[in-house]
Structures are given as structure tokens and as C-alpha cells.
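K.L.:
Supplied in C-alpha cells, the structure appears directly below.
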Amino acid sequence: MERRIGRDLAIIVIAVMAYLAASLLIDNQYYQLMLALVPIWAIVGISWNLFSGYSGMVSFGHASFFGLGAYTVTLLMVKLDLSPWLGVPIGMGVGALAGALIGWPTFRLRGHYFALAMLAYPLALLYIFEWLGFQEVSLPMKRESAAAYMQFKDQRYYVGIALGMLVIAMAVALRIERSRFGLSLLAIKQNEPAAEAAGINTLAWKMKAIMVSGAMCAAVGGLYAVVLLVVTPPSVFGLLTSAQALIVTLFGGVATVWGPVVGSAILIPLAEILHAELGDKLPGIQGVVYGAAIVMVILLAPEGVVPRVRDAWRRRHARAEPATKSATPATTVGSSSRTVGDRVVLKVEGVSRAFGGLQAVQDVSFEVREGEVLGIIGPNGAGKTTLFNLMNGFIAPDAGRVVWAGEDLVGQRPNEICRRGLGRTFQVVRPFPRMTVLQNVVVGAFVAERDDEAAVALAGEALVRVGLGDRAQAPAAGLTNVELRLMELARALASRPRLLMLDETLAGLGSQEIERMLGVIDALARSGITVVIIEHTMQAMVRLADRLVVLDHGRLLAAGQPEAVTRNPAVIEAYLGKRWMKHAQR
């Protein structure tokens, strides 16, 4: 999955060298300072992007890391006479630690609650540093061996240092984007429950992302302090710091390596020049520039400049891909052609769950034998999907146990349950729409393969097994309903499960599509995979399932062979209806 990044790094180095050469032609110290600020804020944007852009958890608090890096470098130099060459790496450690300390409690929140909570951290740090007496801290001047303390008369040295850090930051971003790190974050961003069910430890990846982001932001914060020679809490912890990180990224393009760079290259010079020329007449002109930039992006290019240009380029040069339909070999679906073992692999014992006064699942018990296809049926609202969520770790039961291979799964997270061999699909398909079909399935393969290339190969095999081998590079957003169902099945299959939990996999399909899906599921069952499937299409369930379990109002109504269950008067009355009564009396 990881693509070679040599060509991209070469482009980055060429662009940086051109920028550095242009800076050598400028003698004005103010413009030299501005040229240093562009890569500095580009790095801040990249650090924000590595967390918020890829994971989708919007942070208004990256000034926390920026300010901690700035004050770490400054105070180490003031108190311990430690050079910024050493202070910056130490600041990175402080930023990573701050990311862990901030992320651990804050990841419990979602959406705008998370964003608002992140905003509180830099505001709190601002007041803490003022209370500690660090309202204005100047870096001491070192006349002797100034270079050893990163002090230069010529501002263009800082431009070179900032550009070097930018190359490193962009290389890190490229490496993350093209590895399981970035793909896992994108999966979390687009559908976190689906990523969790596919075996992605969402909390761990988010913690890693915020720690890397915090370290990078703190490093450039330390350089910022050296360039300005004076640090105040409002200048590094203020709202404008977090806002600039967010704005340059939104303007250039979220979840892209070049987006923050392009945003910074356009907005920072524009804001600084207007501030220099009109600041005395129009105080706050910088805020006007950033506000106008956001309005323009929202109206003209909601995903940013880089994605807008990239998508236009691709549309112009793209060749129409011929629509092909993957054919699944015709199979005779039937439980009689499969071998079901005697060993019980899964036990559901007395599971109950209530939501307020509603008893969704009440004292449900059943067993699943190795190699069988167990169908769970019942009317809408019977508690079938809730039961799956209890078995899969998305909901904790009020009582009861779910025992898999002798281990109680209650209390384990969905990704942990997936790692133990239970794959899952959803009633409403949960694709990652901005990924290709192959990338969707690779996310499921990560849990089975530690090597990225091996995960890609495993995902390709899973797509072939479900009949989507020729659709690997198609965008998931353009798939038909049956292809989406098959892709989600392939994603679950890529984790190498011993048991598949399929939630209404046939929902919304036509008769031919149902036959196609049944053929795939039957083939998987023949290969030895145990299947537990929720479904309303009774004709299909009677053909596919070895046994049926019937739920009604959260209770177990009946269980047994399909023929016996479909003739059970209680099942007919509660679920099947009168048309099945005549069938049962024949």
C-alpha cells in the first residue's frame, strides 16, 4: 500500500531550494522575517493536519503545543543556558507528552464538544504562564558563539532552518499518508464505528496522531521563539495561533501534504504585507484576511485549493473506466451441501440490555456450532441488531455473557473482538467513500497482517473471493448497492475471521443480486467460516441457514431447523404472517 515517495520528496526539495534562492535576493529584513514565517506556519498547519485533517477531530487548541515548545526553548536558555539546538528536540518531547495528556481525557468527547474542549487548553495555559510571571520573556543575546545558540544577524539563516524543518515535516506527512497510519486515520474520519469493527484500534491511532502532531508543533514553536527573540503568552497561546494553523490548512486543503504549504504561502505574506502597510489605519487587518480566506474557501472550494486543482486536473485527464460487472460463479445454495461440526464456538448466555424503560434484549441464549450458518430472524424492532452490537462490543450488556473460544467477550472493544476472529458487517453499509475499493478492504486486512504490502495482497484476495477483483481501484462512492455490500463483506473477510456476523446483507437487493450474494456467502461457509446472519428475506434464509433463531420483542421465541421454525405457529403469528400459515399446513 505504501507508495514510493522519492519523486514527491524530490519535488519538495526543488521547491524549497527555489524558495531559498529567492530569499537570497531580498535584503529587506522585514521581508526576510516574513519569508521565515511562511515555512514556520506551514509546519504548524502540517502538524494540525496530521491530527485533525486525517482523523476528522477538529482541534482549536494546537496553540497549546506551539506555546509549550516556545516556552521550553526560551526557559531552557534563560534558566539553564541551554542552546535552542538542544531545546527544540526537548520541546518536541514536551509537545508529545502534552498530546498524550490532552488526548487521553478529551478523546472521550465527540464533535463540537471535542473542539470546544481543545480550545480550553491554550486558554488555560495562557493564564497559567501569566500567573507564573512569564508575561514577557526575552532570549538572552549571545555575542560570543552566537551560531551555537541559533542567533544570526542575517534573517535568511532562519529561512534556511525553517525550510529544513519544513522538508522534514513534509517527509513525515508523506510517510504517514502512505502507510497504515494515514489510512487508519482516514478510515476513522469517514466512519469510526466501521473502522473499529474492522479491527482498527481507534483510540491508539488517535493518540499516536496527536502525539506526533504535538511534537511537530512544539518544535516549530521553539524556532518561532528564537526568530522573534521574545515570548509572551498571548503571542504563542493566543486564539490567533490556533486559528492560523486551522485557516492555512483549510484554505490550502485538508488531509493533503501540500495544502498547509500552499495556504501558508498565500495567506501569510498577504496578511503580513497588509499589516505593514495598513496596520496603523486598519488595526486587525490580519484577522480580516483570514476571515475573508475562510469565506472564499467555503463558497468556491470547500475542500481547499489543492484538492480543487487536483480534482480538476484528474477530471480533465481521466479516461472513462468501462463499467464491468463482476460475475460470481453459479452455485447451488443449500445447507445440505455443507458440513457442520459438533464443536460449539460461540455461546450467548442470558444476554439482556435495556435502554431506559425499553427492554431491547431480554435473557437471550443460544449456541453457534463450528462451520454452520445460523440465521437470526424476527420482526422489525425485535432486537436483532442490538444483539449483534452486544456480541460485537459496541454495547455492553446489562447481564449475561458472550463466550468465544472459552473467553468472555463482554467488556472488550470491537477492535479487540475483531482481532479474536469475529468479523462484522452492518445493517446500513458503512463504506469509507473517499477511498478506493481496495483501500476500504485493506483497512480490514491490517488486523491480520503487520506488513503493509502483505495487507494489500490479502485485501486483493478478499476482493476476488467476493467477485470484486476488477473493481479494486474504483472509488467506493461510485459503487452500486450490491457492490457496496460485497465490499463490506470483503473488508470483514480480510481480517481472516473464523466467524462472520452479517447484518441484513441482502437488504435492498434485487432477485439476481440476492442470488449473487447468496452464492458468495455459501461459498464462504463451504470454506469453513462460521456465519451468523440477520435477514428478513425468508426464502433466502430457508435455503441458506442450517438453523434459525427467532427473536420477538427482545426475547428468544424459537430456535431450530428452518423447516420446523417456519411451521411453528408462534413464529407464524409473530413474524411470518398468514401466507406462511397455508405453507405450514401442507
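K.L.:
Check which residues have an amide H placed less than 5 Å from ALA474's amide H, if you skip close sequence neighbours.
P.N.:
VAL437, LEU438
K.L.:
Here's a follow-up. How much FRET efficiency would the formula 1/(1 + (r/R0)^6) give for LEU97 and GLN561, where r is the Cβ-Cβ distance and R0 is 60 Å, rounded to 0.05?
P.N.:
Values: r = 60 Å, r/R0 = 1.00.
Here the calculated transfer efficiency is 0.50.
K.L.:
Grab the beta carbon distance between LEU86 and ALA18, set R0 = 35 Å, and tell me the FRET efficiency rounded to 0.05.
P.N.:
Numbers: r = 31 Å, r/R0 = 0.89.
Step by step, r from the Cβ atoms, then E = 0.65.
K.L.:
Further question on the same structure: Figure the gain on full extension for GLU407 and HIS553 (residue separation times 0.36 nm, minus the Cα-Cα span) and round it to one decimal in nm. Show your work: numbers first, answer last.
P.N.:
Numbers: separation 146, 0.36 × 146 = 52.56 nm, distance 2.82 nm.
Taking GLU407 through HIS553 to full extension adds about 49.7 nm, to one decimal.
K.L.:
Calculate, in nm to one decimal, what VAL340 and ARG419 gain on full extension: separation in residues at 0.36 nm each, minus their alpha carbon distance. Can you show the working numbers first?
P.N.:
Numbers: separation 79, 0.36 × 79 = 28.44 nm, distance 2.38 nm.
Extra length available between VAL340 and ARG419 comes to 26.1 nm.
K.L.:
Which of the peptides 368-376, 472-480 is most tightly packed, and how do the rest follow, judged by the mean count of other Cβ atoms within 10 Å per residue? Before the final figure, lay out each step's value.
P.N.:
Details: 368-376: 21.9, 472-480: 16.1.
Those peptides, ordered most packed to least, come out 368-376, 472-480.
K.L.:
Got a sec? How would SER527, SER184 order by Cβ neighbour count within 10 Å, fewest to most?
P.N.:
Working: SER527 11, SER184 27.
Sorted ascending by nearby Cβ count, the order is SER527, SER184.
K.L.:
Going 7 Å from the Cα of ALA148 toward and past its Cβ, which residues in segment 77-100 have a backbone nitrogen under 11 Å from where you end up?
P.N.:
Inside the label zone: 83.
K.L.:
Going by amide H atoms built from the backbone, whose H comes under 5 Å of the H on ARG555, apart from near neighbours?
P.N.:
GLN362
K.L.:
Looking at segment 6-234 from every direction and averaging, what is the projected area of its Cα convex hull in nm²?
P.N.:
Working: hull surface 53.1 nm².
Convex hull of Cα atoms, orientation-averaged projection: 13.3 nm².
K.L.:
Here is a follow-up. On a 0 to 90° scale, report how tilted helix 305-317 is relative to the longest principal axis of the chain, with both axes built from alpha carbons and the result rounded to the nearest 10.
P.N.:
60
K.L.:
Below 8 Å between Cα atoms, with a sequence gap of 6+, how large is the relative contact order for the chain in percent?
P.N.:
On the way: 1078 pairs, mean separation 94.2, N = 586.
The normalised contact order for the chain reaches 16 percent.
K.L.:
Just rank HIS62, HIS536, HIS275, fewest to most, by other beta-carbon atoms within 10 angstrom. Don't skip to the answer; put the middle values down first.
P.N.:
Working: HIS62 32, HIS536 15, HIS275 18.
Fewest-to-most ranking of HIS62, HIS536, HIS275: HIS536, HIS275, HIS62.
K.L.:
Please tell me the relative contact order of segment 6-234 in percent, rounded to the nearest whole number, where contacts are Cα pairs under 8 Å and at least six residues apart.
P.N.:
Relative contact order comes out at 42 percent.
K.L.:
Follow-up question, since we're still on this one. Rounded to the nearest 10 degrees, what's the angle between the helix 481-493 long axis and the longest principal axis of the chain, both from Cα atoms, 0 to 90?
P.N.:
Helix 481-493 sits roughly 80 degrees off the main axis of the chain.
K.L.:
Which number gives the lysine pairs in the chain that have C-alpha atoms under 22 Å apart and are eight or more places apart or on different chains?
P.N.:
Working: LYS79/LYS142; LYS142/LYS153; LYS189/LYS206; LYS189/LYS208; LYS347/LYS384.
The number of close lysine pairs in the chain is 5.
K.L.:
How many nm separate the modelled label positions at TYR31 and ILE273, each set 7 Å beyond the Cα in the direction of the Cβ?
P.N.:
So the two model labels end up 0.9 nm from each other.
K.L.:
What's the ranking of 201-211, 287-297 by average number of surrounding C-beta atoms within 10 Å, highest first? Intermediate values should be presented prior to the final figure.
P.N.:
Values: 201-211: 20.5, 287-297: 15.3.
My ranking of the peptides, most packed first, is 201-211, 287-297.
K.L.:
Sorting ASP546, ASP451 on the 10 Å Cβ count, fewest up front, what's the list? Walk me through the intermediate numbers first.
P.N.:
Numbers: ASP546 18, ASP451 13.
Exposure proxy ranking, most exposed first: ASP451, ASP546.
K.L.:
At a Förster radius of 22 Å, what calculated FRET efficiency corresponds to the Cβ-Cβ distance of VAL78 and ALA124, to the nearest 0.05?
P.N.:
On the way: r = 23 Å, r/R0 = 1.03.
The pair VAL78/ALA124 has a calculated efficiency of 0.45.
K.L.:
On full extension of the chain, what length is gained from LYS347 through ASP470, given 0.36 nm per residue of separation minus the C-alpha to C-alpha distance?
P.N.:
On the way: separation 123, 0.36 × 123 = 44.28 nm, distance 3.83 nm.
Between LYS347 and ASP470, full extension yields 40.4 nm more.
K.L.:
Tell me which trypsin sites (Lys or Arg not before Pro) from segment 446-475 have a DSSP coil assignment and no more than 11 other beta carbons within 10 Å of their own. Provide the component values of the computation, followed by the final result.
P.N.:
Numbers: sites: ARG450, ARG465, ARG471; in loops: ARG450.
Counting only loop positions with at most 11 other Cβ atoms within 10 Å, the trypsin sites (Lys or Arg not before Pro) in segment 446-475 are ARG450.
K.L.:
Using the alpha-carbon atoms, what tilt in degrees (0 to 90, nearest 10) does helix 156-177 show relative to the longest principal axis of the chain?
P.N.:
0
K.L.:
Starting from segment 1-86, pick out the trypsin sites (Lys or Arg not before Pro) whose DSSP state is loop and whose Cβ has at most 15 other Cβ atoms within 10 Å.
P.N.:
Details: sites: ARG3, ARG4, ARG7, LYS79; in loops: ARG3, ARG4.
Answer by residue number: ARG3, ARG4.
K.L.:
I would also like to ask the following. Roughly what would the spin-label model give for ASP311 and LEU203, points 7 Å off Cα along C-beta, in nm?
P.N.:
3.5
Bear in mind that the values in this text are calculations on the coordinates, not laboratory data. Predicted model only: the values in this text are computed from it and were never measured. Quick reminder, even Gly has a Cβ in these numbers, built from the backbone with ideal geometry, and neighbours come from all protein chains shown.
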